[in-house]
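Novice: To start, I am sharing the structure in question, which I have written as structure tokens.
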Amino acid sequence: MISDDCEHRIEVNNLKHGEIVQHTLLLIKGHIRQLRPLKKCVEQQIHLHVKYNSSLESTPWELEQQSQISRNGQFKLLCDLGQHVPVTGNYRKLPLQLHFCYCNSVLHIEILYECPTNNYLLQALYIKCSNQHTKDEEVRACFDKINLNLRLVQSVYADQLRAAAYGRSTFTLNGDCKVFETQLTCEEVWQLNEESLWQNFAEEILNSSAWGGEDKLKFVAFIGCTKYDAAAIAASGDFSYANIRRNLKGHAALGGGGLALFGAAYLYAWPRYCKDINAYFGSTEKVDPTQLPDDSNYRCTYGGVYATTLGAVVHEIGHTFDLGHTIDGVMGNGFDYINRVFTIDNLTEHLPDRVIERTAHALNVQVAERPRFTQLKRSTNKFLEKYHEQKTSDPFYFTRNCAIILAHNKWFKNCRTNGDVFDLATVETLLKYDPADKCVISGESKHALCLIEVRTVDKSLVKYWYEPSKSDSLIYKFHLPQEAIEALEKDHYLFVLTRSGVAKRLCEPRNC
């Protein structure tokens with residue numbers, strides 16, 4: 001309903017006129033500002049009309065989207081540009097007209113869509129066992145869910161890095177999900193723990209004729225034969241996460257080096273179509289653990305399973321991009337809250353915090369360091385503390401040190417040539433730690449130090465991190481503070497990053 005007596009202003013918070021977008025799911029966040037607070041408007045929705053005007057070589061198209069307005073005037077719109085714009089190719093920037101309308105207020109913004117040009121890509125795989133017999137329609141549904149939700153993860157990375165003042169940077173997907181046929185049978189997969197699954201599939205992928213030697217690819221893979229022993233859960237009467245996990249075979253949630261690996265058991269809670277994303281996040285339908293596995297951080301709902309398992313994908317993919325663990329945010333206790341990125345009027349969620357750990361033995365796979373993983377811990381925090389935390393800030397975010405690493409990673413920098421790539425021998429000689437002088441040294445002028453983290457060996461948990469202040473000139477030598485020196489004597493190592501994107505671990509116990 002339009003009223004001439006209302007006075008509003010539409011504000012878009014995460015998109016500006018002329019901004020370039022290189023991903024196909026676009027999250028738009030904003031507010032309706034009431035200029036006359038005592039005059040309450042009855043209009044409950046904002047409408048968005050997206051239009052691309054025709055050019056000689058392309059066809060015009062339009063799409064429409066709408067969003068409810070929250071109690072405090074917030075709105076969020078999720079636009080699927082993928083049904084219209086090209087995702088690959090040397091296309092010029094496509095101007096998109098965004099027309100927002102709320103009550104009697106309008107706002108016009110023009111943005112530019114551009115095909116990503118990065119040569120460093122993320123490839124999605126569906127792992128199929130040698131004796132696996134899954135109906136074609138079930139596989140197609142899995143593919144649709146994986147493709148859609150990885151585009152959503154891509155959008156999340158872009159939005160979070162923009163919020164951290166690093167621009168709308170994100171990874172580029174190497175087309176759609178592909179089948180990877182493992183030599184293992186379903187029975188063999190069901191016998192392996194998640195670390196063994198990760199090592200086996202990492203080796204198979206790297207040694208395969210299709211993907212072997214692809215040093216510009218990282219992989220996110222889903223195990224198609226994951227099996228849940230619902231009967232055993234029902235018989236035991238134990239519906240704890242630990243027991244559910246014990247009865248989930250062929251499952252993993254591990255990321256590191258060049259591979260993030262997951263079981264496909266939780267895809268039942270993922271949407272297949274973009275129009276269903278918000279409804280799936282908001283679903284309060286209870287999960288029956290005697291029929292389906294529940295990994296929702298004890299929310300026990302379909303929406304909770306979707307949020308936790310998709311948040312885990314964001315988290316584990318982060319490990320493949322060199323991120324360690326943090327206490328808070330996406331790489332710590334915050335990844336369960338990905339639903340809050342897309343929804344409004346969220347209730348307080350009193351979820352258990354997580355204990356971050358990993359096993360001590362190393363994997364003999366040349367993909368970089370072995371994966372890290374998280375384990376749930378029952379929370380002792382009070383509800384009011386959670387309420388205040390979620391009311392005043394968004395728990396789903398990348399801490400600044402993580403944002404710095406991502407912003408300088410080749411998979412996020414639109415690398416088109418090999419000019420910024422260095423062989424292992426160069427990296428080995430470029431960054432060093434001087435134990436006598438207690439300092440980190442970069443040996444070349446174009447590789448100034450950008451970030452230094454002190455991480456625990458057993459958890460890859462960032463204990464301290466150091467960033468040169470913006471007022472400093474380029475730094476090539478950094479003397480460690482006393483706290484870092486003491487930590488290195490107690491099972492910690494250094495993660496060092498240069499402005500050129502070269503990263504290296506120093507002072508690992510086996511190398512000191």
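Nothing in this text is a laboratory measurement; each read-out follows from the coordinates by a stated rule. For clarity, every value in this text was computed on a predicted model and none was experimentally measured. Note: ideal-geometry Cβ built from the backbone for every residue, glycine included; neighbour counts use all protein chains shown.
Novice: Output needed: percent of Cα pairs per 10 Å distance bin for segment 8-113, bins running from 0 to the one holding the longest distance.
Specialist: 13, 47, 26, 11, 3, 0
Novice: Using 0.36 nm per residue, how much length does the chain from T134 to Q183 gain when fully extended, once their Cα-Cα distance is taken away?
Specialist: Between T134 and Q183, full extension yields 16.0 nm more.
Novice: Could you list which residues have their amide H under 5 Å from that of Y397, counting only those 5 or more apart in sequence or on another chain, with H placed in the peptide plane?
Specialist: G329, V330
Novice: Is there a pair in K51/K128; K410/K459; K135/K216; K145/K218 whose C-alpha atoms are over 31 Å apart, and which pairs would that be?
Specialist: Checking Cα-Cα distances, K51/K128; K135/K216 exceed 31 Å.
Novice: Using a basic spin-label model with each label point 7 Å from the Cα along Cα→Cβ, how many nm lie between E508 and S473?
Specialist: Computed distance between label sites E508 and S473 equals 3.5 nm.
Novice: Same structure, new question: Which aspartates and glutamates does K477 reach when only Cα atoms under 20 Å apart count, and residues fewer than 8 places away in its own chain are ignored?
Specialist: E428, D434, D437, E444, E453, E467, E486, E508
Novice: Pulled fully out, how much extra length does the chain show between Q68 and H108, if you take 0.36 nm times their separation in residues and subtract their Cα-Cα distance?
Specialist: 12.5 nm
Novice: Quick check on packing: order 482-489, 20-27 by the mean number of other C-beta atoms within 10 Å, highest mean leading.
Specialist: Ranking, from highest mean packing down: 20-27, 482-489.
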